[in-house]
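Notes follow the structure.
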Amino acid sequence: MNEFSSVAGARAVNRRNSIWRKVLRKFLADRTGVAGLAAVLVYFVAALGVWCGWWGTDWADLGGSKWEAVSAAHWFGTNIIGQDIFSRAIYATSTAFEVGVVVAVLATIIGGVLGAFAGFFAGSWIDELLLWAMNVLDAIPFYLFVAAVAYSLAGSPYAMHVAMITSFWIGTGRLVRGEVIKLRNMEYIEAAYAIGLSRFMIIFRHILPNTSHILLVQASIAFVSAIKAEVILSFLGIGIRDGMSWGLMIEESTKEVLAGFYNNFIAASLLMFGLVMAFNALSDALQDAMDPRKVA
Amino acid sequence: MNAADAPAPLLRVKDLTVEFRTMDGIVRAVDAVSFDIWPNETVGLVGESGCGKTVTGLSLLRLIPSPPGQIINGSIELEGLDLLSLDAGDMEKRRGSEIAMIFQEPMTSLNPVFTIGSQITEVLRRHRQLSQRQARELAASLLAKVSIPDAGRRLDDYPHQLSGGMRQRVMIAMALSCNPKLLVADEPTTALDVTTQAQVLDQMRELQNEFRMAVLLVTHDLGVVAETCQRALVMYCGSIVEAGKTEQLFSSPRHPYTAGLLASIPRIRAERIAELPVIPGRVPDPGNLPAGCRFAGRCSHVQSRCHQERPTLRSVNGNAVACHYPLGADI
Amino acid sequence: MRFLVQKYIAGLLLVAVIAFAAGCESDQSVHQVSAPPGLKTYRHAMDQAPTSLDPTQAANVYANHVVVNAYDTLYAYKYLARPYQLKPNLAADFPTVSADGLTYTIRIKPGVRFVDDPCFPDGRGRELLAEDFVYSIKRQFDPKNQPQGAWLWQGRIAGLDEWKAAGSDYDQPASGLRAIDRYTLEIRLTRPYPQLVDTFAQGYSAIVPREAAEKYGKALGVHPVGSGPFRLVSYDSSRVVMERNPYYRQEPVDLQAEGYDPVEQAYTGIEAIEGRSPPFLDRLEIDFITESSAAWTSFNKGNEVQFTTVPIEQIDRVLADKNPIRLRPEYAARFHMYSGLEAGFVFTAFNMDFPELGYSPDPERNRRNKALRCAIIKAYDWEARNQSWYFGLATYFPGIIVPVSPEYDPDLSRDSVTLDVAGARRLLRDNGWTPENLPTLVYGTTAGVTERLFFEQFRAWMRAIGFPHDKVVRKTYATFGDISRAWKRGELPLVAKGWGLDYPDAENTLQLFYGPNGSPGSNDANYRNPEYDRLYERSSVMLASPERTAIYRRMNQMVTDDCVAMTGLSRTRIYLWHKNVVAVPDREIVGGFFLKYVDVLPVAQTRPEG
Amino acid sequence: MQYVLRKMLTGIPLILGVTLVSFALMVYFGPDMTYQLLGKNPTAEQIIEVRHQLGYDQSFIQRYLAYLTELIRLDFGNSSSGEPVRSLLAKTIPVSLILILPGFLLGHILGVLLALAAAFWRGRWADKLIMAIAVIGMSVSFLIVIIAFQILLCSSDGLNLFPVRGWNVQSLPDYLSYIAVPTLATTFVALGYETRFYRSVFVEEMTRDYVRTARAFGLSSRRIFFRSIFKNCLIPIITRVMFSIPQVAIGGSLLIESYFGIPGIGKATYEAIITGDQPVLKAVVSLTAILFVFVMTLNDILYRAVDPRVSLK
């Protein structure tokens, strides 16, 4: 009996491994995707340096006077109260990763698990309930929802994260649900089911891992969406509470650009554009590489 | 009617070579294939899946998905006119009216959101000067011809409302609608159950005679070939390994591959068609073909020459065979 | 079935199209506002929209801009006199005050009519009577209206609190507030109230006809019915449109009486209105433009809003010189300018109820806390703040009497607003404060970007005297209402806020530190100094006099000496308006009372270079 | 018709869910309006009075039930400015609709057209160019686009062609001049997403067997593309368009409206959220939920019209 399940499992694992190898090969052949990945890594190193305290430590210091121009001491100049814009922009990179990673990971986990449950129990009340929840959350316009969450969790530094996660898991959930409905009827799942593995085990050991291509792509999309949403939310005054982000810098700059001071605007929007663009390229390449029809 | 009596072949394919660009490099799916088809004859193109027979069929209509596929060499002459030299618009006009093709999957080969009537009349009106009404009437009579009951009303049905066999008949009706000279039928019955299969094949045969067209039947099913084709071409790894009159080919195959295929027939007919288990070994990787005879790795009669030198088609006792040591030649 | 569906869809589409067309049409009717050409129109701009036009909600200058123009008030501030001076408006004259200063008699002008409105029996506006004023003040004591203005008269005018306690029945009299006859009011006070006449210039005291209040109820807030110079045409969150009230009383302008200063004000061309009766405009539009950049662009286009404050970010582009303030020639050629200090200030108070830095039962700790507060005050860099945020144009001053108050003392020691990092560190060291035992400073702000940068600046200053980075933290509040709640509940140790004067009397800022006004009152610092409270009570019944000024200044010094607040700074306002507009704009004190005097010349007449 | 009714009925749980979640978030846990209403010098007694009037002293259930009765009667009372909510909505919704509609339609129509072009020339330079621009468009923040367009087109430093902000529509030219910049900005931002989405739909559909069949019978690629494929693609297109309607109608215009100072429903709702204006919030939330159900129903009906395989049960 155990033997049988391990055979079913091994077959699933084999299938997975060979798919991953193909995906990797395909991905590496995609020049845009690799360039995107490289750029993301550069950003990641920048963020890592901030976490390790290598640079960006003086983002909160009043190191200069108001609106200094670009100089050796201040590579991107200084802001209205004399803080170094380069340090702030670099520091903001780490914030972008924090927001992006937290939102992407949690939204993907929640979406994956709930989507898998919904798909596995498709047609039952669990599925109905989850679908209902997804529809309910989908029906509330995104920015209003986020604003409402932010205000109702007033003061919490994670209000924005919570709001984004609550919105972003739904897309993943729906996709995973669809995939799981397909997987559910495949032979190795039926086999595992037939020999009496618990449903919980089946979902987490045999089904979820086989949706990993969806999860990875969805996570990359959520990452980009989170970074972009942060800018708008910061403009609306419901973004990051403490620390520094590109959204806050762009918000700072909305008035400054009219005074002819563009440093904040350029620094933040270029850095953000670069990361979002790189991530979009990466995400596209992943999607191409993982298109199941092309792989299988 | 005997093919040999005709003055000139309807279709003359010469050195057709098709390549695909893939992740693993360039794959030659069809390698210097040449054959002729005479008017009103039925020719079977047989081989295992992946041997290039479908690509050959698609090439005749220049329907190779491009990219990644490309016809890099050869000529396809239909009544003396090289189809490969036509511009895209010209080729378009000839599809359906001079050379048509039907496919294996009757479920998906019809457009799900249009009625079958509108799909047939669309083809009719494309190639003939007909009013909507005339086209509709003609379509109804075509459906009746392929034995679809209550044809007039069926015109307003959507594909999902028909059974698989009916859908394939609709496809045939569409193919007949503009009276092409050559019909390429790619596994037209594979997806159907055995009874329906026989009915559809009978139907095709009848209609072929009525409409006087030639048929290239692409299939892996030797039984079907035996029943319907005057001549057969056997493909292996992108090349034709043997060609000849069906009776002769079946009674005395010269190529070890053909012999291997034939050996599996009785069993295939008894059970469901799945694969050809009697030939040992596997088809070589198309991206990495052996230098000599491509069948050498699986051939029970292999000799050292087979590994070095690629055999070309030559006539052996009435069949054309690509083998250095054809079976029965030395007897 | 299929045909049916298609029909259904066609039907739906048709409905959608009709709805859309109807939407457009109703939209037109809503915005049936724009001036037909030929009407004299002035487009004003403000940075915020009023939330309601009901006088009971006239809590800020934004609301007052509309309220005092839609409604009448008994008194008003003179158009041109600075410092501000009162003049009778609807009242025929200043009140007659009894010898004990407790009974005021006020006569109002006869023949004043409300605008036509369906709330009146025949749709025609009836005459405004003294009884209407009584009714309007009572509304501020009726909880159903959620009134905001009662504090002006609570405990001052006799009988109003009792009237409210008895259930706010408008048919019941209030003993201290009655109409003796059609045109005469009598007001009795519980104790002298020198600022009473000022309160009657406020939007809170604007006169509402009972018929309108009863017919519209809550909707009075969007449907004002008054007797002011203009009547409402439309109002939404982005603009208000008013038109001339044809019944408005004819009162020719006497520039002399309005406090005209030919030296300072002649450049505005204001003499053109001498002897003519306001309002001069056919239409008055006020655009509420939150984003200063948008307001600025709109102003510069020439054919949109005709007034703007100079956005802070444009200062360097617009000004040729800051002391005195002068426009660059290209702006001076196109616009008129007025600049002046605001009637108000910004400051950050310590909440003395926090034992970590305020009052402590332990006298020793009390002493050390005071040293801590004084050190923080020394570390507060007003000059940097002025440069960063106000281009050096603001004025910072010691204490809580603002420079525009007549009682302001320019010679006061500036120690409390002078940066002294070394002194602050010394003070902390001498009193045993170390980075380990310093309390955490919680700086509450609303969520905006400027507020965040204020905080970051403050944190950097505090770090300079030894506060660790994580001992200066920001707590954000979504809305002003939320932070207001935190203040009123005394939840924040630091209260950073601004105060705009309700009337030009230093009493209005001194009451911010009067003990009994402690949370939830306006004394957010919860400063309790018996001596201060005694002086406040004494001065509050005094009319303006050198003696009262001396008391005010003593109180001011106490607040400074006790290190209760980092204070304070008054911003400079720079107003620009198109040259074809004849006006001296102002938004201080009540706000908007100048609008009825605005005139607009035909453009061709004033265009400087053709 | 019966089907429509039945579908609407199944929407009731959804309406309940949406109202419950939004009520909890926006109204129950939302900002406390008391102190906004109290003025500078409130007394403890006044605070209690106002809280009572606003209903803050009632339990969640009581307040939610009261809300549901209001929902059934479709009467939410007066907003905090005193204006009846109904007239507020009647005033703001049409503005939002005519403001957003052109950009919405343009975004989708241009998106479909560009996607058609890209898919039609798949793999060629036109495709690559269009998709590269789409990715760039997707990577720029909406806010940056708005700021840049406003400076370029509306300011005297730029072309100074259109009004900066406001909404004063008397005639068609007025209307066009006010919506020009918002429409450009929304279209610009939406285009990247729409083009990519629609291209993937078209490309997927292009690989279907029936396309090969049609080609084998000599139908021209243009005709196949614009008739056969397009009709099959209508389903994803309809779904996408339909389901963006509630987002766009209520929330989508928020940023545009607040930046361009246009008195639409997005701005009104946002202001209601940050001030805690309960009646407005309740009305908007209900409206959103109802609209969503309506859209779902309409979507099903449209499906039926384009896809014969779907039947209305």
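If you project the alpha carbons of the range C:463-610 onto the principal axes, what extent comes out on each, in Å, largest first?
63, 47, 30
At a probe size of 1.4 Å, how large is the accessible area of C:Met542, to the nearest 10 Å²?
30 Å²
Please give the Cα centre distance for the range C:457-517 versus the range A:230-272, rounded to the nearest Å.
26 Å
Could you check how many percent of all C-alpha pairs in the range D:85-306 are farther apart than 20 Å? Walk me through the numbers before you get to the answer.
Details: 16037 of 24531 pairs.
Value for the range D:85-306 (Cα pairs over 20 Å): 65 percent.
Taking a cut-off of 38 Å, what percent of all Cα-Cα pairs in chain C are separated by more than that? All intermediate terms of the calculation are to be shown ahead of the outcome.
Numbers: 72225 of 185745 pairs.
The answer is 39 percent, as a whole percent.
Rounded, prolate or oblate: which fits the range C:106-147, taking a ≥ b ≥ c as square roots of the Cα gyration tensor eigenvalues, rounded meaning a/c under 1.5, else prolate when a/b beats b/c? Numbers along the way, then the final one.
Numbers: a/c = 3.63, a/b = 1.31, b/c = 2.76.
Oblate.
Rounded to the nearest 100 Å², what is the sum over both chains of accessible area buried where C meets D, with a probe of 1.4 Å? Walk me through the intermediate numbers first.
On the way: alone 26350 and 17610 Å², together 38770 Å².
Result for this pair: about 5200 Å² buried.
Under a 1.4 Å probe, what is the accessible area of the range B:3-229 per residue, stated in Å²? Provide the component values of the computation, followed by the final result.
Working: 8800 Å² over 227 residues.
Value for the range B:3-229: 39 Å² per residue.
Kindly report, to the nearest 10 Å², the accessible surface of A:Tyr151 as traced by a 1.4 Å probe over protein heavy atoms only.
Surface accessible to solvent at A:Tyr151 totals approximately 10 Å².
With N denoting the number of residues in the range C:464-514, provide Rg(C-alpha) divided by 2.2 N^0.38 Å, to two decimal places.
Numbers: Rg = 14.8 Å, N = 51, 2.2 N^0.38 = 9.8 Å.
Dividing the Cα Rg of the range C:464-514 by 2.2 N^0.38 Å gives 1.51.
For the range C:72-215, what size does the Cα cloud have along each of its three principal axes, sorted from largest down, in whole Å?
Extents along the principal axes: 43, 39, 27 Å.
Which whole-number percent gives the relative contact order of the range C:72-215, counting Cα pairs below 8 Å spaced six or more residues apart? Mind dumping the intermediate values first?
Values: 251 pairs, mean separation 42.8, N = 144.
30 percent.
Between the range B:101-147 and the range C:290-314, what is the separation of their alpha carbon centroids in Å?
Here the two parts' Cα centres lie 67 Å apart.
To the nearest hundred square angstrom, how large is the accessible surface buried between A and C, total for both chains, probe 1.4 angstrom? Can you show the working numbers first?
Details: alone 14970 and 26350 Å², together 39120 Å².
Chains A and C together bury approximately 2200 Å².
Looking only at Cα atoms, what is the convex hull volume of the range C:481-555 per residue, in Å³? Don't skip to the answer; put the middle values down first.
On the way: hull volume 7.2 nm³, N = 75.
Per residue, the Cα convex hull of the range C:481-555 comes to 95 Å³.
What is the helix-to-structure angle for A:263-290, meaning the angle in degrees between its Cα long axis and the longest Cα principal axis of chain A, kept from 0 to 90 and rounded to the nearest 10?
Result, in degrees: 20.
Looking at chain B, which Cys residues are left with no other cysteine's beta carbon under 4.7 Å from theirs?
So far as the 4.7 Å Cβ criterion goes, B:Cys51, B:Cys178, B:Cys229, B:Cys237, B:Cys299, B:Cys323 stand without a partner in chain B.
For chain C, which whole percent of the accessible surface, found with a 1.4 angstrom probe, sits on carbon and sulfur atoms? Don't skip to the answer; put the middle values down first.
Working: 12240 of 22670 Å².
The nonpolar share, carbon plus sulfur, comes to 54 percent.
Tell me, what are the semi-axes, in whole angstrom and largest first, of the equivalent ellipsoid of chain A as set by the roots of 5 times the Cα gyration tensor eigenvalues?
Working: eigenvalues 365, 101, 41 Å².
Semi-axes from the Cα gyration tensor: 43, 22, 14 Å.
With θ taken as phi - 60° and the coefficients 6.51, -1.76 and 1.60, list the Karplus ³J(HN,Hα) couplings across the range A:199-208 in order, rounded to whole Hz; mark glycine and proline as x.
Going residue by residue, I get 5, 4, 4, 4, 4, 7, 8, 10, 9, 4 Hz, with x marking Gly and Pro.
Quick one: which residues, 5 or more positions from C:Asn245 or on another chain, have an amide H under 5 Å from its amide H? H modelled 1.01 Å from N in the peptide plane, none for Pro or chain starts.
Excluding prolines and chain starts, which carry no amide H, the hits are C:Phe230, C:Arg231.
If you take the Cα Rg of the range D:124-245 and divide it by 2.2 N^0.38 Å, with N the number of residues, what do you get?
1.43
Semi-axes of the equivalent ellipsoid for the range C:141-292, please: Cα gyration tensor eigenvalues, times 5, square-rooted, ordered largest first, whole Å. Don't jump to the answer; show the numbers that get you there.
Working: eigenvalues 218, 102, 52 Å².
Working through the eigenvalues yields semi-axes of 33, 23, 16 Å.
Report the dimensions of the range D:42-176 along its three principal axes from the alpha-carbon atoms, largest first, rounded to Å.
So the three principal-axis extents are 72, 39, 32 Å.
Counting protein heavy atoms only and a 1.4 angstrom probe, how many square angstrom of accessible surface do chains D and B bury in total, to the nearest 100?
Details: alone 17610 and 15700 Å², together 30980 Å².
Chains D and B together bury roughly 2300 Å² of accessible area.
Residues of the range C:462-478 that become at least 10 Å² less accessible with every protein chain present than in their own chain isolated, using 1.4 Å: which are they?
Buried-area filter returns C:Arg463, C:His469, C:Arg474, C:Thr476, C:Ala478.
Could you order B:Ser66, D:Ser59 by accessible surface area, starting with the largest, using a probe radius of 1.4 Å?
Numbers: B:Ser66 85, D:Ser59 55 Å².
If we order B:Ser66, D:Ser59 from most to least accessible, we get B:Ser66, D:Ser59.
Checking the a/c ratio against 1.5 first, then a/b against b/c, what shape does the Cα gyration tensor give for the range C:177-243?
Values: a/c = 2.49, a/b = 1.86, b/c = 1.34.
Cα axes put the range C:177-243 in the prolate bin.
Taking loop as defined by DSSP and a crowding limit of 16 other beta carbons within 10 Å, which trypsin sites (Lys or Arg not before Pro) in the range B:50-136 fit?
Sites meeting the loop and neighbour criteria: B:Arg128.
I'm a student and want to see the number: the projected area of the Cα convex hull of chain B, averaged over all directions, in nm². Spell out each step's value before the answer.
Numbers: hull surface 69.9 nm².
So the Cα hull casts an average projection of 17.5 nm².
Send over the per residue convex hull volume for the range B:101-143, Cα only, as a whole number of Å³.
On the way: hull volume 3.3 nm³, N = 43.
Enclosed volume per residue, from the Cα hull, is 78 Å³.
For the range D:1-58, what is the Kirkwood hydrodynamic radius in Å, using each pair of distinct C-alpha atoms? Please list the in-between numbers first.
Working: mean 1/r = 0.0707 Å⁻¹.
Final number for the Kirkwood radius of the range D:1-58 is 14.2 Å.
Tell me which residues come under 5 Å, amide H to amide H, from C:Gly444 once H is placed; ignore anything under 5 positions away on its chain.
The answer is C:Lys475, C:Leu494, C:Ala496.
Can you give the Rg and Dmax of the range C:343-570 based on its C-alpha atoms, in angstrom?
Calculated on Cα positions, Rg and Dmax stand at 16.9, 51 Å.
Return the long-range amide H neighbours of C:Val598 (sequence gap of 5 or more, or a different chain), with a cut-off of under 5 Å between placed amide H atoms.
C:Phe280
Provide, in order from the shortest bin, the percent of all Cα-Cα pairs of the range C:215-320 in each 10 Å bin, continuing until the bin that contains the maximum pair distance.
Once binned at 10 Å, the Cα pair distances of the range C:215-320 give 12, 28, 33, 24, 3, 0.
Arrange the peptides D:258-267, B:159-168, A:27-36 so that the one whose residues have, on average, the most other Cβ atoms within 10 Å appears first.
Values: D:258-267: 26.2, B:159-168: 19.3, A:27-36: 16.2.
Per-residue Cβ counts within 10 Å, averaged per peptide and sorted highest first, yield D:258-267, B:159-168, A:27-36.
Which of the chymotrypsin sites (Phe, Trp or Tyr not before Pro) across the range A:50-87 are loop residues per DSSP, with 12 or fewer other Cβ within 10 Å? Spell out each step's value before the answer.
Numbers: sites: A:Trp51, A:Trp54, A:Trp55, A:Trp59, A:Trp67, A:Trp75, A:Phe76, A:Phe86; in loops: A:Trp54, A:Trp55, A:Trp59, A:Trp67, A:Trp75, A:Phe76.
Those that pass, being in a loop and sparsely packed, are A:Trp54.
Treating each Cα of the protein assembly as shown as an identical point scatterer and ignoring solvent, apply the Debye formula and state log10 I(q)/I(0) at q = 0.05, 0.06, 0.08, 0.09 Å⁻¹.
-0.55, -0.73, -1.08, -1.29
Hey, what number do you get for chain A at 222 nm if only DSSP H runs of n ≥ 4 count, each worth -39500 (n - 2.57), divided across all residues, to the nearest 500? Before the final figure, lay out each step's value.
Details: 11 runs with 211 residues, N = 296.
Rounded to the nearest 500, it is -24500 deg cm²/dmol.
Read phi for every residue in the range B:25-31 and hand back ³J(HN,Hα) as whole Hz from Karplus 6.51 cos²θ - 1.76 cosθ + 1.60, θ = phi - 60°, with x for Gly and Pro.
Per residue, the Karplus-derived 3J(HN,Hα) values read x, 7, 10, 8, 7, 10, 10 Hz.
Kindly write out, for the range A:136-144 in residue order, the coupling ³J(HN,Hα) from the Karplus curve 6.51 cos²θ - 1.76 cosθ + 1.60 (θ = phi - 60°), rounded to whole Hz, with x marking Gly and Pro.
4, 5, 5, 6, 8, x, 3, 5, 5
Given Cα pairs under 8 Å that are at least 6 residues apart, what percent is the relative contact order of the range B:3-229?
On the way: 398 pairs, mean separation 58.6, N = 227.
Dividing the mean separation by the residue count of the range B:3-229 yields 26 percent.
The values are calculated or read from the model by the stated rules, or taken from the named source; none is laboratory data. These numbers come from a predicted model, not from an experiment. With ideal geometry, Cβ positions are generated from the backbone for all residues, glycine too; neighbour counts draw on all protein chains shown. Please note that ligands, DNA and RNA were not included when accessible areas were found on the heavy atoms of the full protein model with its side chains. Shrake-Rupley method; radii C 1.70, N 1.55, O 1.52, S 1.80 Å.
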